[in-house]
Ligand code: PNW
């Protein structure tokens with residue numbers, strides 16, 4: 001018998017998350033248009049082993065099985081994203097009925113299984129036709145996004161109780177337009193800053209239209225928030241960490257909750273990079289500051305920032321870790337997650353929070369007797385991060401739900417299929433799905449609405465964090 005140590009609020013929502021390009025495949029089917037990720041992943045040298053999302057988890061055809069698995073795990077909700085190029089192959093114009101029907105089948109399938117849909121409008125798969133006109137560097141893309149969003153409200157209406165405008169606009173802007181590691185693969189800081197403004201502006205426009213639609217339901221935005229800690233407890237490192245926070249976190253939180261960009265970061269962009277944001281028009285920030293019903297937070301790891309290493313400042317990730325890491329040098333620090341949640345409430349108020357992604361990629365080598373993956377590492381990550389969420393809730397932070405990233409092993413962008421974030425294993429040769437040990441543990445957490453005490457072998461792993 002396991003004892004349940006830590007309970008969550010009675011109406012807490014438990015789910016898993018995915019995104020369209022990472023799982024759907026079927027990129028040429030039913031009139032889907034080309035996205036920037038099709039173009040990028042098919043450009044030699046851009047992704048690991050040249051891997052693409054052409055087939056991915058073949059979820060486009062296998063979704064009934066995937067929805068059944070979520071039902072079997074007892075989940076209450078599923079966060080997925082709509083592929084804009086399936087709905088508007090050229091980014092605008094006439095809706096592609098076959099693409100829309102696919103999402104109607106998903107949503108209907110979720111309702112049949114008593115799962116609540118949470119739909120993200122943009123998880124990075126911009127129609128290539130819009131990129132050809134400048135993509136997010138062009139203000140017009142924000143207007144096209146607003147039209148697309150309005151069409152989705154009209155077509156899907158109240159069958160979708162939770163809407164998310166954007167997933168991680170920091171990554172879309174800066175990893176896509178400055179680091180160049182993601183589509184569209186541009187490496188120019190002024191372009192990235194410009195893209196960030198148009199992403200935020202489009203979020204505001206889409207939120208405004210949602211209010212005008214008078215639909216029941218809630219709308220929010222998902223940010224990847226990365227707490228920035230000084231590597232050494234010195235004034236220089238503290239200042240560097242604050243700069244990193246400005247660029248990675250406040251750059252999005254401040255406009256959304258306060259209607260202004262953080263002055264220190266604006267000044268830094270001006271002085272060090274001659275960036276003048278002359279494309280910010282009167283009224284834009286009022287649009288961006290539309291009240292949202294909830295904030296989605298994706299949390300994976302904290303940054304360690306040292307002034308001596310300012311060259312890494314804009315890279316924002318992969319600063320040398322101090323403690324245990326998972327893949328890619330991502331440091332595992334559950335306490336940083338609790339700190340972050342408390343900080344968001346302290347600095348930005350009581351907007352309800354959903355953890356829209358949290359999870360980890362580990363080398364899943366060991367198998368249990370039944371053939372399932374014995375992913376104790378992931379299980380201890382999930383468990384200790386849920387303890388952090390419980391800690392924040394106990395401190396009064398309004399966290400309303402948690403979505404594990406990810407439901408399935410999937411296409412991890414530039415890292416291809418090597419990094420496995422799934423709680424369910426996918427054998428990409430056969431497309432066979434097998435719940436990992438973490439999935440069975442999560443099933444118990446959901447059933448208990450609380451955290452049972454960990455088995456001894458996983459407890460030993462958790463104690464490293
Ligand atoms: C998030 N980076 O992405 C995304 O929302 C998911 O699509 C993704 O699979 C998940 O986290 C795990 O990585 C990120 O390189 C991807 O800085 C890459 C970066 C950050 C976030």
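Details
- Cβ-to-Cβ counts within 10 Å put 260, 326, 81 in ascending order as 260, 326, 81, the fewest first.
- Rounded to 0.05, the FRET efficiency of the residue 432 and residue 212 pair, given R0 = 56 Å and the Cβ-Cβ distance, is 0.75.
- Shown here are the Rg and Dmax of the Cα trace of the range 187-326, at 16.6, 52 Å.
- Extension gain from residue 232 to residue 273, taking 0.36 nm per residue of separation minus the Cα-Cα distance: 12.1 nm
- Considering all different alpha carbon pairs of the range 279-405, the Kirkwood hydrodynamic radius works out to 16.8 Å.
- A viscosity of 1.306 mPa s and a temperature of 10 °C, combined with the Kirkwood radius over C-alpha pairs in the Stokes-Einstein formula, give the range 61-146 a diffusion coefficient of 112 µm²/s.
- Using alpha carbons only: equivalent-ellipsoid semi-axes of the range 1-110, gyration tensor based, whole Å: 32, 19, 12
- For the pair residue 154 and residue 368, label points projected 7 Å from Cα toward Cβ lie 4.9 nm apart.
- In the chain, the calculated helix contribution to ellipticity at 222 nm averages -11500 deg cm²/dmol per residue, counting -39,500 (n - 2.57) for every DSSP H run with n ≥ 4.
- Cβ-to-Cβ counts within 10 Å put 105, 39 in ascending order as 105, 39, the fewest first.
- P(r) histogram, all alpha-carbon pairs of the range 369-465 included - 10 Å bins from 0, percent: 14, 43, 32, 10, 1
- Contour excess over end-to-end distance, with Cα ends at residue 111 and residue 90 and 0.36 nm allotted per residue: 4.5 nm
- Computed on the chain, with alpha-carbon pairs under 8 angstrom and 6+ residues apart, the relative contact order is 18 percent.
- 47, 18 arranged by Cβ crowding within 10 Å, fewest neighbours leading: 47, 18
- Spherically averaged projected area of the range 124-237 from its Cα convex hull (nm²): 8.9 nm²
- Inter-label distance, nm, simple model (7 Å from Cα along the C-beta direction), residue 282/residue 72: 6.1 nm
- Among beta bridges identified by DSSP and lying wholly in the chain, the antiparallel ones come to about 20 percent.
- Remark: the residue 448-residue 104 segment gains 120.7 nm on full extension, using 0.36 nm per residue and subtracting the alpha carbon distance.
- Contact order, relative form, for the range 114-211: 36 percent (alpha carbon pairs under 8 Å, 6 or more residues apart, mean separation divided by residue count).
- Relative contact order of the range 1-112, pairs being alpha-carbon contacts under 8 Å that are 6 or more residues apart, as %: 34 percent
- Inter-label distance for residue 328 and residue 48, nm, one decimal - labels placed 7 Å from Cα along Cα-to-Cβ: 0.9 nm
- Its Cα gyration tensor gives the chain an equivalent ellipsoid; the semi-axes, largest first and in whole Å, are 30, 28, 22.
Laboratory data are not the source of any read-out in this text; all were calculated from the coordinates shown. All values reported here derive from a predicted model rather than from experimental measurement. Positions of Cβ are generated from backbone atoms using ideal geometry, with glycine treated the same way; all protein chains shown enter the neighbour counts.
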